[in-house]
Amino acid sequence: MSELKGIPVVAAAARARSGEKYLTPQGFTAVRDGIKAPRGAAAARGLPTGQRLPGWLRARAPTGAGFFEVRALVREHRLATVCEEAHCPNIGECWNAGTATIMLMGAVCTRACRFCSVDTGNPHGWLDAEEPENAARTVELMKLSYVVLTSVDRDDLPDGGAAHYAACVSAIKHRNPGTAVEALTPDFRGVLADVSTVVDSGIEVFAQNIETVRRLTHPVRDARAGYEQTLAVLAHAKRHRPGVLTKSSLMLGLGETDAEIDATLADLRAAAVDLVTLGQYLRPTLNHLPVERFVTPAEFDRYRKRALALGFLECVSGPLVRSSYRAEQALNRNNAGLDNSGTGR
């Protein structure tokens with residue numbers, strides 16, 4: 001173990017504990033799971049309180065031939081997936097169905113949102129030049145008709161990584177002209193020219209997550225993110241290319257009120273957002289924000305009705321819904337096939 005400014009640094013992420021700094025294979029440091037572990041009394045306050053997950057939030061452990069096949073492809077082509085990096089509870093279902101959300105530009109984010117378990121650090125401009133072709137080959141091998149591309153925030157790059165993002169889309173379209181691409185992007189610091197670069201790359205859906213209501217934006221999101229900034233990015237994407245579908249996502253259970261949920265949905269519609277997803281916030285580690293409440297399946301159904309009444313083309317709403325979950329089914333007008341009655345699945 002080495003030292004960096006007096007802070008212990010371990011050699012690899014696999015050996016780093018949550019909240020601990022480690023040295024990446026590319027030579028820069030990152031924090032495992034994104035948020036530094038508190039010390040002393042602060043750490044004690046993060047201990048579990050005996051709160052248990054309700055039955056509708058218990059996902060099956062990932063297993064099955066499809067799961068292992070997708071994992072092998074991801075490893076072979078050195079791809080990061082948000083499925084793994086964000087500890088998504090739906091990884092088993094999605095990978096067994098032969099779908100995955102590819103996370104571009106590495107697995108280390110320059111931001112440290114307090115809900116997110118993606119590692120954080122400063123990649124100092126590092127990019128994998130082979131990633132566009134690797135992503136395109138993976139989509140081809142998986143025979144995907146619909147793929148979601150997301151990415152870490154890359155504030156260390158002059159354009160936030162927009163050109164690299166667009167290159168990945170172009171490579172996928174070249175190898176797979178029939179594949180629809182959804183780009184779930186960072187906010188590019190609100191620089192609309194960089195947003196245009198991605199929107200012009202040939203995507204069918206442009207997504208940028210609002211994440212939470214206005215009042216809770218900080219401390220839920222990194223200080224460089226912003227409620228109005230996300231709305232401006234989404235509105236620009238629609239104005240710049242009216243034919244592209246726009247999409248956003250809202251996590252529930254962080255302390256928001258029904259009135260604030262309604263206001264956020266109204267703001268997204270005012271920004272011409274077409275599609276919205278609603279899901280339960282789940283605390284990734286004890287270093288992250290606690291869950292304030294577990295939203296019931298019946299409540300998710302009610303919120304979906306409110307969203308549809310505002311004019312969204314679809315609102316996919318449910319306890320385990322994530323922004324890219326069953327994304328290819330978002331226009332089926334049936335809550336992506338989800339049934340929130342009973343146990344919620």
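Can you compute 3J(HN,Hα) from phi for each residue in segment 255-269, using the Karplus curve 6.51 cos²θ - 1.76 cosθ + 1.60 with θ = phi - 60°, rounded to whole Hz and x for Gly and Pro?
For segment 255-269, the Karplus-derived couplings read x, 6, 9, 4, 4, 6, 4, 4, 5, 5, 4, 5, 5, 5, 5 Hz, x marking Gly and Pro.
How large is the dipole of segment 148-222 about the Cα centre if only Lys and Arg carry +1 and Asp and Glu carry -1, each at its Cβ, rounded to the nearest 20 debye? Don't jump to the answer; show the numbers that get you there.
On the way: 7 positive and 11 negative charges, 33 e Å.
The calculation lands at about 160 debye.
So if we plug the beta-carbon distance of D339 and L313 into 1/(1 + (r/R0)^6) with R0 = 22 Å, what FRET efficiency do we get, rounded to 0.05? Write out the running numbers ahead of the final one.
Numbers: r = 20 Å, r/R0 = 0.93.
Once the sixth-power term is evaluated, E becomes 0.60.
By the scheme Lys and Arg +1, Asp and Glu -1, what is the net charge of all other residues having a beta-carbon under 12 Å from that of P158?
Residues near P158 contribute -2 overall.
Once each part is reduced to its C-alpha centroid, what is the distance from segment 267-318 to segment 148-227 in angstrom?
So the two Cα centres are separated by 20 Å.
Using a 7 Å offset from the Cα along the Cα-to-Cβ direction at both H240 and T296, what is the distance between the two label points in nm, to one decimal?
Those two pseudo-labels are separated by 4.3 nm.
Under a plain spin-label model, where a point goes 7 Å from the Cα along Cα-to-Cβ, how far apart in nm are E228 and Q329?
About 3.9 nm separates the two model spin labels.
Please work out the FRET efficiency for the pair L141 and A259, using the Cβ-Cβ distance as r and a Förster radius of 41 Å; give the result to the nearest 0.05. Please report the intermediate quantities before stating the final value.
On the way: r = 47 Å, r/R0 = 1.16.
It comes to 0.30.
Relative to the present Cα-Cα distance, how much length would full extension add between R214 and K36 at 0.36 nm per residue of separation? Show your work: numbers first, answer last.
Values: separation 178, 0.36 × 178 = 64.08 nm, distance 2.50 nm.
Once the chain is fully extended between R214 and K36, it gains 61.6 nm.
Would you tally the net charge around S248, using a Cβ to Cβ cut-off of less than 11 Å, leaving S248 out, and scoring K and R as +1, D and E as -1?
Numbers: positive: K247, R269; negative: E211, D267, D274.
My count for the surroundings of S248 gives -1.
For segment 241-345, what D do you get in µm² per second when you plug the Kirkwood radius from alpha-carbon pairs into Stokes-Einstein at 25 °C and 0.890 mPa s? Don't skip to the answer; put the middle values down first.
Numbers: Rh = 14.1 Å.
For the chosen part, D equals 174 µm²/s.
What list do you get for F312, F300 if you sort them by fewest beta carbons within 10 Å? Present the calculation step by step, with values, prior to reporting the outcome.
Values: F312 20, F300 25.
Lowest to highest Cβ neighbour count: F312, F300.
Identify all lysines with a Cα-Cα distance to K21 below 30 Å; exclude those on the same chain that are fewer than 8 residues away in sequence.
The reachable lysines, counting only those whose Cα sits under 30 Å from K21, are K5, K36.
In square nanometres and to one decimal, what's the mean projected area of the convex hull around the Cα atoms of segment 146-224?
Averaging across all directions leaves 5.4 nm² for the Cα convex hull.
Could you tell me the calculated FRET efficiency between T285 and K305, based on Cβ-Cβ distance and R0 = 41 angstrom, to the nearest 0.05? Provide the component values of the computation, followed by the final result.
Values: r = 34 Å, r/R0 = 0.83.
E between T285 and K305, to the nearest 0.05, is 0.75.
Every number here is computed from the coordinates shown, using simple stated rules; none is lab data. Please read these numbers as outputs of a predicted model, since none were measured by experiment. Note: ideal-geometry Cβ built from the backbone for every residue, glycine included; neighbour counts use all protein chains shown.
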